[in-house]
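Asks: My questions will all concern the structure given below.
The values are calculated or read from the model by the stated rules, or taken from the named source; none is laboratory data. On a predicted model such as this, the values are computed, not experimentally measured, just so you know. We place every Cβ from the backbone using ideal geometry, glycine too, and count neighbours over all the protein chains shown. The protein model used for the area step is the full one, side chains on, heavy atoms only, and it has no ligands, DNA or RNA in it. Shrake-Rupley method; radii C 1.70, N 1.55, O 1.52, S 1.80 Å.
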Amino acid sequence: MINVKNPQYKYILIGLLILLGLIFFKEGRPFLSGLFGASTLFVMIRNQMAYLTEKKKWNRHLSASLLLIEALLVFLIPLTAFALLVVDTLSGIEFDTQIIMTQVEGFIRMIENKTGYDLISLDNLSFLPKLGGTMLQFLAASTYSFILNSIVVLFILYYMLYNYKGFERGLKEILPFREENKQILAEETKEIIRANAIGIPLLGIIQGIFALGGYYMFGIDRPILFAVLTAFSTILPVIGTMAVWIPLSFGFFIAGDHLTGVLFLLYGTIIIGGVDNVARFMLQKQLADIHPLITIFGVILGLQMFGFWGVIFGPLLLSYLVLLFNMYRHDYIPGSKAKPRVTSNLKTRGIPKYNNNKKQ
């Protein structure tokens with residue numbers, strides 16, 4: 001009879017789990033976005049499942065199915081429709097590359113004549129005609145990947161909701177932390193996901209509205225499309241909405257309308273950029289305040305690793321790294337003043353303070 005308490009068998013089992021996990025990660029990586037998307041929606045609507053089953057005494061199958069429809073109508077269908085709209089609209093735009101090249105060449109020559117410096121070789125602009133097609137291919141591939149992973153989201157989310165207590169209990173059992181640290185990890189996860197899943201779309205909508213007003217004011221063609229692109233570009237790290245309104249302003253300069261170009265640049269910098277700062281400050285008072293560096297580098301890594309859902313889970317994984325580091329400092333380094341938290345306004349949201357007594 002096998003002695004299950006033998007440490008050898010424990011480590012063999014752990015090794016097999018790691019091996020199978022790596023195989024699954026390698027082969028199933030295209031569907032990881034679906035897993036992360038389901039986890040995001042689970043955190044957002046988990047309390048509704050508990051309310052329907054525990055307070056209203058509804059059947060778990062009916063409750064999970066109803067919330068699945070909610071996720072489909074409120075989150076997945078609007079996001080998919082938006083992505084398809086952008087790809088379809090951009091693919092319908094016809095660019096006369098020869099005219100664009102001529103205008104860009106004239107603008108560069110004018111700057112060179114005024115400054116006396118050679119800015120760029122015109123041979124280096126050969127990438128411009130190919131840029132649009134490459135972007136469309138990237139958007140189309142990302143959109144189809146998102147649609148596929150949305151189907152995966154629905155399957156995984158249903159079983160997460162149906163057995164939500166067992167799902168949460170299983171996660172807590174395997175975490176190698178004290179109960180207090182497990183509770184902190186759960187609270188931080190909810191706050192970070194909530195801050196990104198709610199804060200990022202709200203910020204995009206606010207900036208899109210102010211950008212739309214400017215695009216109408218300055219006579220930009222297809223103002224609604226560019227307003228939607230501006231809203232979507234808020235997820236881009238560092239550059240953000242500048243990815244949209246700075247090229248539009250250069251369009252005025254290339255066309256020879258320098259005054260409008262300068263005014264449009266001022267509008268983008270002061271109004272669109274200013275709204276970003278004000279809106280972020282207001283949202284941070286209501287949602288978890290995450291350090292900007294965690295958000296910026298988390299989004300950069302997340303988009304590369306997980307696609308669209310990386311906007312949420314990139315900062316989450318980086319936050320986990322900082323959180324675990326703070327936990328280690330707090331629990332095992334004598335005299336450390338580190339707090340085992342990442343978000344900074346949990347106290348104002350009524351979450352109890354961490355017990356500073358370092359009991360192992």
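Asks: Tally the residues that are of a type outside the set (D, E, K, R) and surrounded by 15 or more Cβ atoms within 10 Å (Cβ to Cβ), restricting the search to region 34-65. Working first, answer last.
Replies: Our first condition is that a residue be of a type outside the set (D, E, K, R); within region 34-65, this holds for 34-45, 47-53, 58-59, 61-65.
Going one step further and asking which of them are surrounded by 15 or more Cβ atoms within 10 Å (Cβ to Cβ), we end up with 34-45, 49, 52-53, 58, 63-64.
Qualifying residue count, region 34-65: 18.
Conditions (1) among the small types (Gly, Ala, Ser); (2) assigned to a helix (DSSP H, G or I); (3) open to solvent by 40 Å² or more (accessible area, probe 1.4 Å), marked per residue:
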position	(1), (2), (3)
Leu248	no, yes, no
Ile271	no, yes, yes
Arg280	no, yes, yes
Ile294	no, yes, no
Gly314	yes, yes, no
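Asks: While we're here: Could you please let me know if Leu72 is modelled with pLDDT of 90 or more and not polar (S, T, N, Q)? So that I can check it myself, show each step before the final result.
Replies: Numbers: modelled with pLDDT of 90 or more: no; not polar (S, T, N, Q): yes.
Against the criterion (modelled with pLDDT of 90 or more and not polar (S, T, N, Q)), Leu72 does not qualify.
Asks: Tally the residues that are open to solvent by less than 80 Å² (accessible area, probe 1.4 Å) and either at pLDDT 90 or above or under 18 Å from Ala231 (Cα atoms) (or both), restricting the search to region 85-98.
Replies: Result for region 85-98: 4.
Asks: Looking at region 200-208, can you tell me whether even one residue there is out of contact with any Cys (no Cβ under 6 Å at 6 or more places or on another chain) and either among the hydroxyl-bearing types (Ser, Thr, Tyr) or farther than 30 Å from Leu32 by Cβ (or both)?
Replies: Just the residues of region 200-208 that are out of contact with any Cys (no Cβ under 6 Å at 6 or more places or on another chain), to begin with: 200-208.
Remaining after also requiring either among the hydroxyl-bearing types (Ser, Thr, Tyr) or farther than 30 Å from Leu32 by Cβ (or both): 206.
So far as region 200-208 goes, yes, one or more of its residues are out of contact with any Cys (no Cβ under 6 Å at 6 or more places or on another chain) and either among the hydroxyl-bearing types (Ser, Thr, Tyr) or farther than 30 Å from Leu32 by Cβ (or both).
Asks: Within region 250-261, restricting attention to residues that are out of contact with any Ser or Thr (no Cβ under 8 Å at 6 or more places or on another chain) and part of a helix (DSSP H, G or I), which residue is most open to solvent (accessible area, probe 1.4 Å)?
Replies: Here is the first cut: in region 250-261, the residues out of contact with any Ser or Thr (no Cβ under 8 Å at 6 or more places or on another chain) are 250-251, 253-260.
Those left that are additionally part of a helix (DSSP H, G or I): 250-251, 253-254, 258-260.
On the way: Phe250: 98, Gly251: 37, Phe253: 32, Ile254: 48, His258: 65, Leu259: 123, Thr260: 31 Å².
So the residue we want is Leu259.
Asks: Pull up region 161-191, narrow it to residues that are over 16 Å from Asn47 (Cα atoms) and among the aliphatic types (A, V, I, L, M), then point me to the one that is surrounded by the most Cβ atoms within 10 Å (Cβ to Cβ).
Replies: That would be Ile184.
Asks: Do we have any residue at all in region 21-30 that's in a helix (DSSP H, G or I), open to solvent by 40 Å² or more (accessible area, probe 1.4 Å) and at pLDDT 85 or above? Steps first, please.
Replies: Going residue by residue through region 21-30, those that are in a helix (DSSP H, G or I) are 21-30.
Adding the requirement that they be open to solvent by 40 Å² or more (accessible area, probe 1.4 Å) leaves 22-27, 29-30.
Applying the additional criterion that residues be at pLDDT 85 or above yields 22-23.
Checked region 21-30: at least one residue is in a helix (DSSP H, G or I), open to solvent by 40 Å² or more (accessible area, probe 1.4 Å) and at pLDDT 85 or above.
Asks: Looking for something under 17 Å from the mean Cα position of the chain (by Cα) and open to solvent by less than 30 Å² (accessible area, probe 1.4 Å) - is there at least one such residue anywhere in region 209-220? Can you show your working first?
Replies: Residues of region 209-220 under 17 Å from the mean Cα position of the chain (by Cα): none.
Among the residues of region 209-220, not one is under 17 Å from the mean Cα position of the chain (by Cα) and open to solvent by less than 30 Å² (accessible area, probe 1.4 Å), which makes the answer no.
Asks: Further, regarding this structure: Return the pairs, sorted by first residue and then second, in which the second residue is open to solvent by 80 Å² or more (accessible area, probe 1.4 Å), the first residue lies in region 152-177 and is over 13 Å from Thr53 (Cβ atoms), the beta carbons are less than 7 Å apart, and the residues are 6+ apart or on different chains.
Replies: Listed by first residue and then by second, the contacts come to Val152/Phe31.
Asks: What are the residues in region 16-57 that are aromatic (Phe, Trp, Tyr) and within 27 Å of the chain's Cα centre (by Cα), if any? Spell out the reasoning first.
Replies: So the first thing to find is which residues in region 16-57 are aromatic (Phe, Trp, Tyr), and the list is 24-25, 31, 36, 42, 51.
Scanning region 16-57 gives Phe24, Phe25, Phe31, Phe36, Phe42.
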